[in-house]
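Report on one structure; see the data block that follows.
Every read-out reported here was derived from the displayed coordinates using simple, explicitly stated rules and does not represent laboratory data. In this text, all values refer to a predicted model and were calculated from it rather than measured experimentally. Glycine also receives a Cβ, built like all others from the backbone with ideal geometry; neighbour counts cover every protein chain displayed.
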Amino acid sequence: MNAKDLECFFETRPAINKSAFCKEVGISRQYLNMILNGERPLTDETIYKMTEILKKYGY
């Protein structure tokens, strides 16, 4: 998974609220935006945190 995959995930699922997603994952909305904008790397730890939530929403 990379930032492009994550961006595509949110584009194809507009009903998913990014703020609620971040709350479930345990990251800030600002951090997610930085990842999506290429300002921060998508670390293995963050991917690990996101995996179960992404699966829950059909990734």
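Structure values in brief
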read-out	value
Hydrodynamic radius of the chain per Kirkwood, over alpha carbon pairs, in Å	11.4 Å
Proximal charge balance of Thr12 [Cβ under 14 Å; K/R count +1, D/E count -1]	0
Arg29 versus Thr43: modelled label distance in nm, points set 7 Å from Cα along the beta carbon direction	2.3 nm
Stretch gain in nm, segment Tyr57-Glu7, where the contour uses 0.36 nm per residue and the Cα spacing is subtracted	16.6 nm
